[in-house]
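Worksheet: the structure to be examined is printed underneath.
Computed from the coordinates by the stated procedures, all read-outs in this text should not be read as laboratory data. In this text, all values refer to a predicted model and were calculated from it rather than measured experimentally. Cβ placement follows ideal geometry from the backbone for every residue including glycine, while neighbour counts extend to all protein chains displayed.
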Amino acid sequence: MEYIDLRSDTVTWPTPAMREAMAATPVGDDVYGEDPTINRLEALAAERFGKAAGLFVASGTMGNVVSILATCQRGDEIITGNSSHIFLNEAGNPAVLGGVHTWPVPVEADGTLSLDAIEAAIRADDQHYPRTRLVCLENTHASSGGQPLPLSYVDAVGELCRKHDLALHIDGARIFNAAVATGVDVARLSQAATSVTFCLSKGLCAPVGSVIVGDEAFIQQARRIRKALGGGMRQAGIVAAAGIVALDEMTSRLAEDHANACRLAKGLATIPAIEINVGAVKTNILYFNLRDDAPRSPAELADELKTDGILIKGAYHQRRFRLVTHFWIKSSHVDLVVDRMRSLLE
Ligand SMILES: Cc1ncc(COP(=O)(O)O)c(C=O)c1O
């Protein structure tokens, strides 16, 4: 990478092994079910997650909305976190595309929605209300700093959903990070879910794509919805090939990104102008605040770092920054970033 790019793990470039696989892989018409590489990726994903079937989609956003639309009818309601990606950052797509209403409940500091809050949001069967149909969790929970949801919590939400005859979707954009952080494999972490979307294109470095997994009937419906959204991609095996490398080679190394995020947080905590909760850093995402008396403004800090080849992303009005580690951020980069920040802020 030309920059030390800490803005997100979505910025990751494909690895050399991915580029080779993409050049060599056999392809076919996936809408006819004839792309051998996509078929292989979908089967591999289903097997990894202990589900019956998988569906390759263009993005995490598409995976979430396809899952929601394959589960809900017009007039149904989903329960999700008020700082979830689905609620904040997916263009209101359940309402825009499906006439599906959203009830946002508060997200706790650890990325969970309290069981009481979920239960309180479940509607009574009454003509005045939308019908509650689906609960959506996010694992890891990105905007609370990449918090991995504990297995016991996910299971408890699954139990609650079964009790109320609701489906459970997991936005698992970074569920492999959650698996590494909790020491529980993705199949077990997803056991309670009726559907899961995970991203190949974030920390796993593939250039494009996500996969939805679930049971056969659900995936059949999801395939129909994907087509309706214009997401039938023909010879997309050329990108799915990178997804196979992502699953085969990139999931087991994520601990390195978590260790780098932790080291970065510890280094930043030694800079007096920075406020950071090191203990909250569990995976590859960290947040910090710039104190009011810092010698540079948030915009000045970001601009000066950019001049040095370091990219960071912030909400300047809140003096808040998010840094994300990934395959292209090496341990030596962490030292360099901490040193440069110290020299700008002391
Ligand atoms: C938690 C979470 N879910 C879903 C998405 C959407 O993924 P995509 O950008 O591939 O649409 C993101 C993207 O950053 C995310 O962080």
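By the scheme Lys and Arg +1, Asp and Glu -1, what is the net charge of all other residues having a beta-carbon under 13 Å from that of residue 69?
Once all neighbours under 13 Å are counted, the net charge is +4.
Taking H as built 1.01 Å from N, whose amide H comes closer than 5 Å to the amide H of residue 313, not counting residues under 5 places away?
Residues meeting the amide H criterion: 322.
Counting Lys +1, Arg +1, Asp -1, Glu -1, what net charge surrounds residue 311 among other residues with beta carbon under 9 Å of its beta carbon?
Computed value for this residue: +2.
Counting other beta carbons within 10 Å of each Cβ, put 42, 275 in order, fewest first.
275, 42
Roughly what % of DSSP beta bridges within the range 16-249 run antiparallel, to the nearest 5?
Looking only at bridges with both residues in the range 16-249, the antiparallel portion is about 40 percent.
What's the exposure ranking of 239, 27, going from fewest to most Cβ atoms within 10 Å?
Final ranking by Cβ density, sparse to dense: 27, 239.
Could you list 278, 334 in order of exposure, starting from the residue whose Cβ has the fewest other Cβ atoms within 10 Å?
Ascending Cβ contact count within 10 Å gives the list 278, 334.
Could you tell me the center-to-center distance, by alpha carbons, between the range 297-332 and the range 45-119 in angstrom?
The distance from the Cα centre of the range 297-332 to that of the range 45-119 comes to 29 Å.
Apply the Karplus parameterisation 6.51 cos²θ - 1.76 cosθ + 1.60, with θ equal to phi minus 60°, to every residue of the range 273-283 and state each ³J(HN,Hα) to the nearest whole Hz, in sequence, with x for glycine and proline.
So the J values, rounded to whole Hz, are 6, 10, 10, 8, 9, 4, x, 7, 8, 10, 9.
On each of the three principal axes of the Cα atoms of the chain, give max minus min coordinate, whole Å, ordered largest first.
58, 53, 34
Would you mind checking which residues have amide H under 5 Å from residue 57's amide H? H placed 1.01 Å from N; only 5 or more apart, or other chain.
Counting only residues 5 or more places away or on other chains, the set is 210, 211, 212.
From the square roots a ≥ b ≥ c of the eigenvalues of the alpha-carbon gyration tensor of the range 71-164, which class results: rounded (a/c under 1.5), prolate (a/b over b/c), or oblate?
oblate
Mean-square fluctuation check for the chain, GNM, Cα pairs under 10 Å: which of 18, 250, 233 is largest?
233
As a check on your grasp of the helix formula, calculate [θ] at 222 nm for the chain: sum -39500 (n - 2.57) over DSSP H runs of n ≥ 4, divide by the residue count, round to the nearest 500.
-12000 deg cm²/dmol
Listed here are the pairs 306/330; 202/266; 51/282; 202/313; 266/330; 163/227; which of them are more than 21 Å apart at the Cα?
From the list (306/330; 202/266; 51/282; 202/313; 266/330; 163/227), the Cα-Cα distance tops 21 Å for 202/266; 51/282; 163/227.
How would you order 181-191, 53-63, 90-100 from highest to lowest mean count of nearby Cβ atoms within 10 Å?
Ranked from most to least packed, the peptides come out as 53-63, 181-191, 90-100.
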